[in-house]
Amino acid sequence: MYESRNVANTVLEIFLAEVQSLILDGWAISEHEPGEAVMFGGGFTVTMVRTNTTVNNFKERAEAVQDRPKMTPQERMAHARAQRGKGRLDLSSVQE
């Protein structure tokens, strides 16, 4: 099975909703024609493909997410606190 479909829209929310819907149905962004976002004129395009591989990859990812236990509010807050400060830019080595 190999299917290909182009998604194009000038409204970002509609564009993303359609791409998300396709991803949930086993589609993936084409490696050969990924698409583009045109800043002036506001157009968004992407080529989506659906193969047995993309469908199986989605099923595996969905099962992994489904098996993962949900975090409690306390766990989410602890995780957020642990992440605070990570990834900040170290300005100590910047030369004037």
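The values are calculated or read from the model by the stated rules, or taken from the named source; none is laboratory data. Fair warning: this is a prediction, and the values are worked out from it, not measured in the lab. We place every Cβ from the backbone using ideal geometry, glycine too, and count neighbours over all the protein chains shown.
Give the number of residues within the stretch 21-78 that are of a type in the set (Phe, Trp, Tyr) and over 20 Å from Met1 (Cα atoms). Can you show your working first?
Taking the stretch 21-78 and keeping what is of a type in the set (Phe, Trp, Tyr), we get 27, 40, 44, 58.
Next, from what is left, pick out any that are over 20 Å from Met1 (Cα atoms): 40, 44.
Result for the stretch 21-78: 2.
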Looking only at strands (runs of 3 or more DSSP E) that lie completely in the stretch 1-71, which have at least 2 residues being in contact with a Cys (Cβ under 7 Å, 6 or more places away or on another chain) and small (Gly, Ala, Ser)? none
Reported set for the stretch 64-78 where residues are surrounded by 10 or more Cβ atoms within 10 Å (Cβ to Cβ) and at pLDDT below 85 is Met71
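Residue-by-condition table, conditions (1) surrounded by 11 or more Cβ atoms within 10 Å (Cβ to Cβ); (2) modelled with pLDDT of 90 or more; (3) acidic (Asp, Glu):
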residue: Glu31; (1), (2), (3): no, no, yes
residue: Phe40; (1), (2), (3): no, no, no
residue: Val55; (1), (2), (3): yes, yes, no
residue: Gln83; (1), (2), (3): no, no, no
residue: Gly87; (1), (2), (3): no, no, no
residue: Ser92; (1), (2), (3): no, no, no
